[in-house]
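Student: Sharing a structure here in C-alpha cells format.
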Amino acid sequence: MSAESASRPLRPMHRISLPESGPPRPTTLATGTPVWLVTRYAEVRQVLRDPRFDRRSLHAENAPPLLLVPNLLDDPNGLLNQDGPAHQRLRSTVQRAFTPRAVARWRPWVASVVTALLDDFAALPRPADIVEGFTRPLPVSVICRLMGLDHLDRDRIRHWADHALSGGAHTAEEVMAAMTEFGAFAAALIAERRKEPGDDLVSGLIAAGDELGVEERQLITLTLGLVVAGHETTMSALGNAVVYLLTDGRDGWPLLARDEEAAATAAEQLLRTVPLSEGRVLPGLIRRAVADVEVGGVLIPAGSVVAVQTNSAGRDPDVFPPGPPDLSAPLTAPSIAFGAGPHHCLGAWLARLELELALHHLAARFPRLRADFTPGTIEWRVGQMTRSPLRLPVSW
C-alpha cells in the first residue's frame, strides 16, 4: 500500500477496533513469529518494567524475525535495543536534555513556534489544509531548532523519517538507501559540531557521549533517533487529535481554548484514547523473556517473544472509564501512552508540551474552526509505524 494514499476508506484512528482486554494470549507477527500478546494495563506495565523481559535478546543469533523490512528500530546499536548498564549509559547521554525541568524551559519558544505557524495559517485561503499548515511543520520545526538544524530542508527530513520508520511502504532496498544517506548526514553533523560545538542538542549529545565513552556509531544512531522520534509521533498524535476534535469530539473544542492547563489535561486523555497505530504490534513494544515469568496468571516460557498493546491498555475497563474520553478529567492511572520502565519514551515531556500548546493556541485562535472533510473522505498517510491524516481541509 502506498505511503500517500489508501486503496479503501479507513476509519479515523479514534474509531478503530483494538484487541480486547484479557489475559496474555498467543498470536503471530506478520513474519510468522509466534508471540504472546499482552493487553491489560497492569500486565503491560509489568512486562515493560520487568528486566526478565528484555530487548537485547531480540537480536541474539537464535532470535526470530520481527520485521518484514528492517528499519531504524531494528538497529542493534540503537538505544531501544540495549538493556541494563549499557542502556543506561547510552540513555544518560540524552536524558538530561528531556527532563520535565529542562523541557519547561523551552515552553516560551515552543509557544512562539506555535503562534508563528498559526499566524501564517490564518493568512491562507479557505479551506486550508491544517496538516500542511500546522500539524506537520510544528514538531519538525521544534526538533530542528533544538538540534540546530533550522537550515535543513524539511522535505528531506520527512523522506528520511518515512523510510526510517517504514511499516511496509518501502522495499528493503529503498530503506537501506535512505538510511545510508541519513547516516552519512548524521556522521557529518557530528563531525561538524565536534569541531564547532554550539548551544544545541547535538553538541550536548557529543559532549556527554565523549565523556561516557560512547562509540561513534552509537552517537550516529542516537542522532538519527532524535531527528525521527522528535517529530514523527507528535505529528501523528496531533493530526489524529484534530480529526477527533473536529468530528466526534467537537464538544471539547471550547475546553481547549480555556487555558494551557485545561489543554494539558485534554491532551493526556487524547493520548490515552486516540491510537497512533492500528491493531498491529509495534516493534518498539516487543520484548523477549529471558526466564520463565508469570503474567496475568499465564506462564510465559523463557525465550518467548512478548508484545504489549499500549492502546488496549489505555482503554482497560478495570482502570479507565469506558466510552468517549472526558477531556476535562485527569487520568485515573499513570499514562501508558509513552510506555513504562527503563525504555519509557525520552521525548514524552516534549511531546506533551507540544500537544498542550498546539491544542490550546489552535482552539483559542480559531474558536469556529470546522472540518471541510468527513471521516470517510480523509486521505491517510499509511504504510508507516503510525497512521495519521495526510490532508485535512478546514475553515473558520
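Student: Only one of Phe98, Phe121, Phe134 is touching a strand residue (DSSP E or B) at 6+ places or on another chain (Cβ under 7 Å) and among the aromatic types (Phe, Trp, Tyr). Can you tell me which?
Tutor: On the way: Phe98 fails: touching a strand residue (DSSP E or B) at 6+ places or on another chain (Cβ under 7 Å); Phe134 fails: touching a strand residue (DSSP E or B) at 6+ places or on another chain (Cβ under 7 Å).
Result: Phe121 is the single residue among Phe98, Phe121, Phe134 that is touching a strand residue (DSSP E or B) at 6+ places or on another chain (Cβ under 7 Å) and among the aromatic types (Phe, Trp, Tyr).
Student: If Pro9 satisfies all but one of (1) within 23 Å of Leu222 (Cβ to Cβ); (2) in a loop (DSSP other than H, G, I, E, B), what's the number of the condition it fails?
Tutor: Every condition holds for Pro9 apart from (1).
Student: Residues being farther than 21 Å from Val298 by Cα, assigned to a loop (DSSP other than H, G, I, E, B) and open to solvent by 40 Å² or more (accessible area, probe 1.4 Å): count how many of those fall in region 32-66.
Tutor: Residues that pass the stated criteria total 5.
Student: Still on this structure, I have one more. Is there a residue being at pLDDT below 95 and farther than 30 Å from Arg96 by Cβ anywhere in region 123-133?
Tutor: As a first pass, look at region 123-133 and keep what is at pLDDT below 95: none.
No - not one qualifying residue is present in region 123-133.
Student: Which residue is least open to solvent (accessible area, probe 1.4 Å), if the candidates are limited to region 247-286 and must be in contact (Cβ under 8 Å) with a residue 60 or more places away in the chain, over 21 Å from Ser335 (Cα atoms) and among the acidic types (Asp, Glu)?
Tutor: For region 247-286, the residue satisfying everything is Asp259.
Student: Okay, next question. Would you confirm, using the coordinates I've provided, whether Gly168 is open to solvent by 20 Å² or more (accessible area, probe 1.4 Å), within 24 Å of Asn77 (Cα to Cα) and not aliphatic (A, V, I, L, M)? Step through it out loud before you land on a result.
Tutor: Numbers: open to solvent by 20 Å² or more (accessible area, probe 1.4 Å): yes; within 24 Å of Asn77 (Cα to Cα): yes; not aliphatic (A, V, I, L, M): yes.
Criteria met by Gly168.
Student: Only one of Ala289, Ala241 is more than 23 Å from Arg391 (Cα to Cα) and touching a residue at least 40 places away in the same chain (Cβ under 8 Å). Can you tell me which?
Tutor: Result: Ala289 is the single residue among Ala289, Ala241 that is more than 23 Å from Arg391 (Cα to Cα) and touching a residue at least 40 places away in the same chain (Cβ under 8 Å).
Student: Right, next: How many of the residues making up region 67-76 are surrounded by 15 or more Cβ atoms within 10 Å (Cβ to Cβ) and either under 12 Å from Leu222 (Cα atoms) or among the aliphatic types (A, V, I, L, M) (or both)?
Tutor: Here is the first cut: in region 67-76, the residues surrounded by 15 or more Cβ atoms within 10 Å (Cβ to Cβ) are 67, 69-75.
Restricting the remaining residues to those that are either under 12 Å from Leu222 (Cα atoms) or among the aliphatic types (A, V, I, L, M) (or both) gives 67, 69, 72-73, 75.
Qualifying residue count, region 67-76: 5.
The values are calculated or read from the model by the stated rules, or taken from the named source; none is laboratory data. Note that the structure is a prediction, hence the values are computed from the model and not measured. Positions of Cβ are generated from backbone atoms using ideal geometry, with glycine treated the same way; all protein chains shown enter the neighbour counts. These area figures cover heavy atoms from the full protein model, side chains too; ligands, DNA and RNA do not enter into them. Shrake-Rupley method; radii C 1.70, N 1.55, O 1.52, S 1.80 Å.
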